[in-house]
Amino acid sequence: MRDHYHYKIYSSVTELPDTWNVFAVENIFLSTDYLKVLDTSRPKNMTCHYIGLFDNEKLVGIALSQFLDLNKLGSFGERDNCFKTSVRNFVFRNFTSHVLFIGNNMLTGQNAFVFSDALDIKEGISVLHKATKELQSVFRKQGKKVHLTTFKDFFTGDQVILDAPEFQSFYQFSTQPNMIFPISENWKNEDDYVSALSKKYRDQYKRAHKKLDGIEKRKMTLSDIEKHNATINDLYNNVAKNAPFNTFFLAENHFYELKNQLGHNFLFYGYFLDNKLIGFNTLIKNGDTIDTYFLGYDDEHQREMMVYLNMLYDMIKYSIKKQYKEIIFARTALEIKSSVGAKPFEMVGFMQHSNPLINRFIGKIFKSLEPETVWQERNPFK
C-alpha cells in the first residue's frame, strides 16, 4: 500500500468530512442522511463507525462498519426449535457473539464502501483492512474482543474484490441469494407486467388481488408513522421473531427516523382493514434502483388475504410506474419472490475468526450451522 493512503475512523455523522456525500451519490445507504438514522435509531446491540479513506488530505473513499454484540439479543429467532438450532445458538453466543462487519448487516448488497476512480480497489481494501485492525483495538479497550471480522456482500462477478490479497486468510462464504427483479424497458405500467406472465401466474396474480378485497392501502406520512408507531412495531416484531435467525431487532423509532431523514426517498405503505393497520411495507429509492426494506403484518390477515404476496405485486407496480431499472428484494422468502419474477444472484462475503484454531475450521463450522434453505426457482413469464 502506498504511504500517502490512510484512513480516519468516525463515530458520528457530525464528524464526517464535508465531501462525504460526493461519494454517497452512488449509494443512499452511505449518505449522511441515512447514516444519521443509524446514529439515532440503530439496533440496541449495534455500534457503527464511518471510515474515510484519504490520499494525503483528499477524501478518496468512504465505508461503513457495524459491530454487533449478539449477547444483547434476547432471541436469535423463534421459528425453528430443534437440536441444530440450539447448538447454533450456543456457538454464536460463546464463540462468535462479537462480530465486526465492513458493510451493512441490515441490508443485502454491496453497501460497504464507495471508492473514487482514482483509488485502486485493491489499495482501498488494503486500507480498510488496516482500519479493521484499529477497530478491533478500539473494542478490545472497551472489554469487547471481536470474534469474527466480516466483509459483505459482493457479487461473484466482482473478481477484483474477490482476489484482494487481504482476503486470502479469510473464509469465503455465501448464504441465501439476493433476489433481484429486473424491470423490462417494454413495461410502462402494471398491465404490461401482468400480460408478460404465463397463465398460471396471471391466475395467481388475480387470485391474490381478489383476496385483498376490503383492504385499503395508504401512503403514510411522518405524522402517520408516529401515530401508528406502536402497531408498526408489533407488526414488524411479529415477522422478525418468526425469521429462522436474527442478529438484531430494529429500534422502536427506526421507521420514524428513516422518514424524517430520507423524506421522499423513503416510502411507507400501510394496509388497513376497517381503519385498523394490519400490515405495512417500506421502499427506499436508491438511484435507478428500488430497495425493499423491512415490513410487517399479522398472521391472521396474512393467511386469509395473501397480504405478503400482494405487497410484492404493489412494489412491482410502483417501480414499473416510476421507471426504475430493478428492485432489490433481498434475501428470505426466496420461492414466493421467484414466483413474481425475481431472479437469484449469489453473493459472497469473507469472514475471519480471531482464534487461529477456530479460524482453521471456520468453513466447516459455518456450513454446519447455517440454516439450510430448500426452495424451487420459478419462472412466471411466458
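The values are calculated or read from the model by the stated rules, or taken from the named source; none is laboratory data. As the structure is a prediction and not an experimental result, all values here were calculated from the model. Glycine also receives a Cβ, built like all others from the backbone with ideal geometry; neighbour counts cover every protein chain displayed. The area values use the complete protein model at the heavy-atom level, side chains included, leaving out ligands, DNA and RNA. Shrake-Rupley method; radii C 1.70, N 1.55, O 1.52, S 1.80 Å.
Observations
- Packing, as the average of other Cβ atoms within 10 Å across residues, places the peptides 133-143, 151-161 in the order 151-161, 133-143, highest first.
- Charge-dipole axis of the chain as Lys and Arg at +1 and Asp and Glu at -1 on Cβ define it, positive-most pick from GLN302, ALA330, SER319: GLN302
- Projecting label points 7 angstrom from Cα along Cα→Cβ for PHE155 and ARG207 puts them 3.4 nm apart.
- Cross-link pairs LYS211/LYS285; LYS325/LYS364; LYS241/LYS276 - those with Cα-Cα distance over 32 Å: LYS325/LYS364
- Restraint check, LYS199/LYS321; LYS152/LYS227; LYS200/LYS321, Cα-Cα greater than 29 Å: LYS152/LYS227
- Local electrostatic count at MET347 - Lys and Arg +1, Asp and Glu -1, tallied over other residues with Cβ under 10 Å: -1
- Prolate/oblate/rounded call for the chain, Cα gyration tensor, a/c under 1.5 rounded: prolate
- Put a plus charge on the Cβ of each Lys and Arg, a minus charge on the Cβ of each Asp and Glu, and nothing anywhere else: the dipole of the range 5-168 about its Cα centre is then about 1060 debye.
- In the context of the full set of protein chains, the range 179-345 has a per residue accessible area of 45 Å² (1.4 Å probe).
- Highest-MSF residue in the chain out of PRO356, PRO244, PRO182 [GNM, Cα springs under 10 Å]: PRO356
- Of LEU100, LEU235, LEU357, the one that fluctuates the most in a GNM where the chain has Cα springs shorter than 10 Å: LEU357
- Distance between the pseudo-spin-label points of ASN71 and GLU252 (7 Å out from Cα toward the beta carbon): 2.6 nm.
- Note on the chain: helix-only mean residue ellipticity at 222 nm, from DSSP H runs of 4+ residues weighted -39500 (n - 2.57) and normalised by residue number, equals -10500 deg cm²/dmol.
- Packing around the peptides 267-274, 8-15, 103-110, taken as the average count of other Cβ atoms within 10 Å per residue, puts them in this order, highest first: 103-110, 267-274, 8-15.
- Placing +1 on the Cβ of every Lys and Arg and -1 on the Cβ of every Asp and Glu, with nothing else charged, gives the chain a dipole about its Cα centre of roughly 900 debye.
- Using C-alpha pairs below 8 Å separated by at least 6 residues, the relative contact order for the chain is 22 percent.
- Phi-derived couplings, Karplus 6.51 cos²θ - 1.76 cosθ + 1.60 at θ = phi - 60°, listed residue by residue for the range 376-381: 10, 5, 10, 10, x, 8 Hz, with x used for Gly and Pro.
- Nonpolar atom fraction for the range 5-168, defined as the carbon and sulfur part of the 1.4 Å probe accessible area, stands at 49 percent.
- Only Lys, Arg, Asp and Glu carry charge here, each on its Cβ (+1 for the first two, -1 for the last two); on that basis the range 223-282 has a dipole of about 100 debye about its Cα centre.
- Extension gain (nm, one decimal) between GLU57 and THR19, 0.36 nm per residue minus Cα-Cα: 12.5 nm
- Electrostatic tally near THR231: other residues with Cβ closer than 10 Å to its Cβ, Lys and Arg +1, Asp and Glu -1, net 0.
- One Cα centroid belongs to the range 27-56, the other to the range 201-239; the line between them spans 29 Å.
- Fully extended contour minus Cα-Cα distance, from GLU326 to LYS200, at 0.36 nm per residue: 43.0 nm
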